[in-house]
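Have a look at the structure below, then the notes.
The values are calculated or read from the model by the stated rules, or taken from the named source; none is laboratory data. Only a predicted model underlies this, so the values are computations on that prediction, with no experimental measurement involved. Please note: Cβ atoms are built from the backbone with ideal geometry, for glycine as well, and neighbour counts cover all protein chains shown. When the accessible area is computed, the model is the full protein with side chains, heavy atoms only, and any ligands, DNA or RNA have been set aside. Shrake-Rupley method; radii C 1.70, N 1.55, O 1.52, S 1.80 Å.
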Amino acid sequence: MSVTPPEVTPAERAGLRFSLRRRVTMLAALCVAGAVALVSVAAFVTVQTSLYQQLDDNLSQRAGNALDDRSMARSPGGNFPTAFLALSDIQFALIDANGTSYGDVGQYKPPVGQQERAVAAGVDGRSLRTDQATDTRVLAMRYDRGLALVVAQPLGPTRTALGKLSLVLVLVGGAGIIFATLAGTAVARAGLRPVQHLTQATERVARTGDLRPIPVSGDDELARLTHSFNSMLDALSESRARQRQLVADAGHELRTPLTSLRTNMELLLAAQAPGSPGLSEEDRSEINTDVRAQLDELTQLIGDLVELAKEDAPRAEFEHVELVDVVERALDRARRRAGDVRFDVALQPWSLIGDSSALERAVLNLLDNAVKFSPAGSVVRVGLRPAGDGSALLEVADSGPGVEEADAPRIFDRFYRSSEARTLPGSGLGLAIVQQAAQRHGGAIYVGTAPGGGALFTMRLPGRPG
Ligand code: ADP
């Protein structure tokens, strides 16, 4: 067997570049990248929100504390509450509605804008904003009539912390993606190695036609796939062996009739040669009859061989078959050569999906055998009835000598003929064809003894009544 690997098209070549291994690696890297990106963004947003919230809370709390303590301290610019001293690490000021600082105490002046003045003027109770110009968070709270306490904290340190965090996240995420790519490559390589072995093995089968089974390792899905592939190879190799055997047997069997045909033809030719004594009319007619019989035998043998070679034919020619019609057609044909042997027929409807010509041929072989082995004037019983288990039994019973117990296991073999049957016409292929047809339809054929002592052949076929 030699199978040429199909040409690789440019599109397929592009697909090969994205081999399964590369795709697994890319998928792993993409998944990790997605997860890392999601986690990083979530972590960044959470930390950012909580840092800003903390900053605001801190401002509010410290401003609140400062406002609660009303004891006064002195400063060059005037008196101010002593609690304001606790604010010395952040920018603060007391402002009036015009934005003028009162009791100048803070080292760094917080930015004062519209909103803070509105708080001092009593329009708003409190304001909180980010001053873009100085990048500070500014909180204003009403202090006394016409005054507001403004506290501010630069956002710089927070932004620096967030910047560091994002750098760490990017670095760790990048390292994670690189690690995932490497791990993906390793996993894909290890995981796909058995696939590669299987591919190489199947390519070897295709290239060399060697149908020996592929070694199986492990018990995973790939091992199961290899097992199935091996079963396929097994079936293929069996079928090939059977075909080879059929050809060898056929060659052997064809040789005998061909040799006697050749001998007869040579006799006839020799008799026609000038100076030969010639043949008597009786001898000539005997040889003619012989030649005709041998030609008939050859024709039948070749027909049988062709039928047997159908073993691997696709089931495409299967169709709905009414078994009664098939049996009746076979009976019509069998009656023509049955002489004075009669048929007693009782058929119940049965249908199946199958090859009607193969089934007709099988039934005809059973009927022909029954006629061949039946004594003159006897009756062959043909019955078709459901067995009650989803299959039908087609029985052909004759009143001939029956099948010897010793022959029974072998009569379905190709070319097997019992010693008594050798004097009768036949090739020994008839029952092999019947068995093959039965098996192709999911059925079977058995031989037994008919009530009167003759042979009883029973073919079991699946299907349904009617
Ligand atoms: P053939 O009839 O050409 O010899 P078959 O395959 O049809 O080949 O049959 C094989 C053998 O089975 C026959 O040689 C014969 O010994 C036996 N056999 C088949 N049918 C019958 C039958 N109805 N009665 C007795 N023996 C039979």
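Below are the figures for this structure:
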read-out: Which listed residue is in contact with a helix residue (DSSP H, G or I) (Cβ under 6 Å, 6 or more places away or on another chain) and more than 8 Å from the ligand (Cβ to nearest atom), from Val380, Val434, Val396; value: Val380
read-out: Verdict on Ala362 being open to solvent by less than 20 Å² (accessible area, probe 1.4 Å), in contact with a strand residue (DSSP E or B) (Cβ under 8 Å, 6 or more places away or on another chain) and within 16 Å of Ile445 (Cα to Cα); value: yes
read-out: Hey, Val396 over 27 Å from Ala248 (Cα atoms) and of a type outside the set (D, E, K, R) or not; value: yes
read-out: Count - residues of segment 273-312 that are among the small types (Gly, Ala, Ser) and in contact (Cβ under 8 Å) with a residue 12 or more places away in the chain; value: 2
read-out: Test: residue in segment 210-217 that is under 30 Å from Ala121 (Cα atoms), among the hydroxyl-bearing types (Ser, Thr, Tyr) and not in a helix (DSSP H, G or I); value: no
read-out: Every residue from segment 403-428 that is near the ligand (Cβ under 6 Å from one of its atoms) and not polar (S, T, N, Q); value: Val403, Asp407, Ile411, Tyr416, Arg417, Ala421, Gly426, Gly428
read-out: Segment 422-447 residues that are touching a residue at least 12 places away in the same chain (Cβ under 8 Å) and under 17 Å from Val363 (Cβ atoms), paired with ones that are open to solvent by 60 Å² or more (accessible area, probe 1.4 Å) and within 11 Å of the ligand (Cβ to nearest atom) (beta carbon under 7 Å, 6 or more apart); value: Leu429/Arg414; Ala432/Asp413; Ala432/Arg414
read-out: Residue tally, condition modelled with pLDDT under 85, open to solvent by less than 40 Å² (accessible area, probe 1.4 Å) and assigned to a helix (DSSP H, G or I), over segment 394-430; value: 1
read-out: Hits in segment 431-456 (condition: assigned to a strand (DSSP E or B), over 23 Å from Ala309 (Cβ atoms) and open to solvent by 20 Å² or more (accessible area, probe 1.4 Å)); value: Tyr446, Val447, Gly448, Thr449, Leu456
read-out: Test: residue in segment 350-367 that is among the β-branched types (Val, Ile, Thr), closer than 25 Å to Leu301 by Cα, at pLDDT 90 or above and more than 12 Å from the ligand (Cβ to nearest atom); value: yes
read-out: Exclusive hit being surrounded by 14 or more Cβ atoms within 10 Å (Cβ to Cβ), under 51 Å from the mean Cα position of the chain (by Cα) and not small (Gly, Ala, Ser), set Asp332, Asp368; value: Asp368
read-out: Test: residue in segment 135-156 that is among the hydroxyl-bearing types (Ser, Thr, Tyr), out of contact with any Phe, Trp or Tyr (no Cβ under 7 Å at 6 or more places or on another chain) and open to solvent by 30 Å² or more (accessible area, probe 1.4 Å); value: no
